[in-house]
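Colleague: Below is the structure I would like to discuss, written out as C-alpha cells.
The values are calculated or read from the model by the stated rules, or taken from the named source; none is laboratory data. In this text, all values refer to a predicted model and were calculated from it rather than measured experimentally. Here Cβ is always computed from backbone atoms with ideal geometry, including for glycine, and neighbour counts include all displayed protein chains. For accessibility, only protein heavy atoms count, side chains too; no ligands or nucleic acids. Shrake-Rupley method; radii C 1.70, N 1.55, O 1.52, S 1.80 Å.
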Amino acid sequence: MSINSSVPDYDLADTVELTTAEQVRAISDPLRTTILGLLHERAATVTELATAVGRPKSTVAHHVKVLTEAGILRVVRTRRVRAIEERFYGRAARMFYVGLGRQDGQLPQDFNDFEVAAEESKPAYDAGEMFSLIRHARIPADRASEFWQQVAALVHDFDQLPRAGDTTYGLTVGLYPIVDYPTLPPTEDEV
C-alpha cells in the first residue's frame, strides 16, 4: 500500500454544517458513511468505491449521487479514459455536523457513533486486539467542555495521519453526563 502524506489528496473544508433533513438522511445510511470514510483517504471513482465495498457499481453510483446532491460529496477532478470522462469524488469537508438552525455556535452532538463502534469493534474484541479505556470524573460542565475540545483536537490529528499499512483502525471517543452515577456523601468539612 502506498503512503499518502496529504490526507486526503484534494482540498476540502474543515467542517460543514448540515442544515437540511435531506443532508442528515444522506449521511445516515451505513454504505454512505463507509463511502465517506473511504473518501477521507483519497478521491475515488464510482468503480473504485464499488470494488472497495464489494457492491455493484450501480448501487454505489446511486449512493454517490445522493451524497453529491446533498452537497456532501463533489467531483474533485476528472480524467479522460477513451471517450469517457471519469469523475473522482471527494468529501466536501473533513467533518460534517448537524446544525439545523442551531444559534449557540456549539457543534451539536453527533450520531450514535458508539453503536457503530460496537459493531465494528466486536471482531477486534473477540481477537484480543482492541484497546479501550473508560474513566469517570465528577467535574464542572465548563471543565468537561474544555476537555472535549482537547479530545476533538486529538481526533483531528488522527484524521490527518498519512494513510499507510494494511489495517484500518477506528477511533471512538465520547464524553457524556451520567445522571445516576453514585457519589460519596459530603465530608464533615463540606457540610
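Colleague: Report, in degrees rounded to the nearest 10, the 0 to 90 angle that the Cα long axis of helix 30-39 makes with the longest principal axis of the chain.
Modeller: For 30-39 against the chain, the angle is about 80 degrees.
Colleague: Looking at the chain, which longest stretch skips every one of the GluC sites (Glu not before Pro) that is in a DSSP loop with at most 12 other Cβ atoms within 10 Å, leaving the sites themselves out?
Modeller: 1-128
Colleague: Under a Cβ-only charge scheme (Lys and Arg +1, Asp and Glu -1), can you give me the dipole magnitude of the chain about the Cα centre, in debye to the nearest 20?
Modeller: 1320 debye
Colleague: While we're looking at this one, here's another question. Name the residues whose placed amide hydrogens come within less than 5 Å of the amide hydrogen of R163, ignoring near sequence neighbours (fewer than 5 apart) on the same chain.
Modeller: HN-HN under 5 Å from R163: N4.
Colleague: Could you go through region 76-93 in sequence order and give the Karplus-derived ³J(HN,Hα) for each residue, using 6.51 cos²θ - 1.76 cosθ + 1.60 with θ = phi - 60°, rounded to whole Hz, and x for Gly and Pro?
Modeller: Coupling constants for region 76-93: 9, 6, 9, 8, 8, 10, 6, 9, 10, 8, 8, 9, 9, 9, x, 6, 7, 7 Hz.
Colleague: Of all the accessible heavy-atom surface of region 36-103, with the other protein chains kept in place and a 1.4 Å probe, what percent is carbon and sulfur? Mind showing how you got there, number by number?
Modeller: Values: 1910 of 3840 Å².
That share works out to 50 percent.
Colleague: Counting heavy atoms of the protein chains only and a 1.4 Å probe, report the per residue accessible area for the chain as a whole number of Å².
Modeller: 74 Å²
Colleague: Given 20 °C and 1.002 mPa s, how large is the Stokes-Einstein diffusion coefficient of the chain in µm²/s, with Rh as the Kirkwood radius over Cα pairs? Could the numbers behind the result be given before it?
Modeller: Working: Rh = 19.4 Å.
For these conditions, the coefficient is 111 µm²/s.
Colleague: What 222 nm value per residue comes from the helices of the chain, counting each DSSP H run with n ≥ 4 as -39,500 (n - 2.57) and dividing by all residues, nearest 500 deg cm²/dmol?
Modeller: Working: 6 runs with 72 residues, N = 191.
Rounded to the nearest 500, the figure is -11500 deg cm²/dmol.
Colleague: For region 150-191 and region 6-62, what is the separation of their Cα centres, given in Å?
Modeller: Centre-to-centre distance over Cα atoms comes out at 26 Å.
Colleague: Non-local amide H neighbours of E86 (under 5 Å, H modeled in plane, Pro and chain starts lacking H): which ones?
Modeller: Long-range HN contacts for E86: R79, R80, V81.
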